[in-house]
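The values are calculated or read from the model by the stated rules, or taken from the named source; none is laboratory data. If you're wondering where the values come from, they're calculated on a predicted model, not measured in any experiment. Ideal geometry is used to build each Cβ from the backbone, glycine not excepted, and the neighbour counts take in all protein chains shown. These accessible areas exclude ligands, DNA and RNA; they are computed on the full protein's heavy atoms, side chains included. Shrake-Rupley method; radii C 1.70, N 1.55, O 1.52, S 1.80 Å.
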Amino acid sequence: MSFPDRSPAAVSVEGRHAFDRGDPIEANPYPEGSDDHAAWKRGWQMPDGERAEASMPDAAQPLPEHPGGGGSETAPG
């Protein structure tokens, strides 16, 4: 059994970066018909709104509070 060199998510990110650089969709380096080709193409085609959501944390999820407290204290000095 062989394992893929890259995860589908990593291949999709490659496609997003190619789009951001202005590379054409024909620049897909993976063999047509392969899972990697499809993942790269999905990344390249991802709408801008989804692209921003994928790179930013979910605003609906509160950030965890730092165990040291609120951070309003001043450093001893």
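Among the residues of region 42-56, are any open to solvent by less than 100 Å² (accessible area, probe 1.4 Å), basic (Lys, Arg) and either on the phi > 0 side of the Ramachandran plot or at pLDDT 95 or above (or both)?
no
Considering each residue of region 13-37, count those that are surrounded by fewer than 18 Cβ atoms within 10 Å (Cβ to Cβ) and outside any helix (DSSP H, G or I), and give that number.
Residues meeting the conditions: 9.
Report, by residue number, each residue of region 1-12 that is at pLDDT 90 or above and open to solvent by 80 Å² or more (accessible area, probe 1.4 Å).
PRO8
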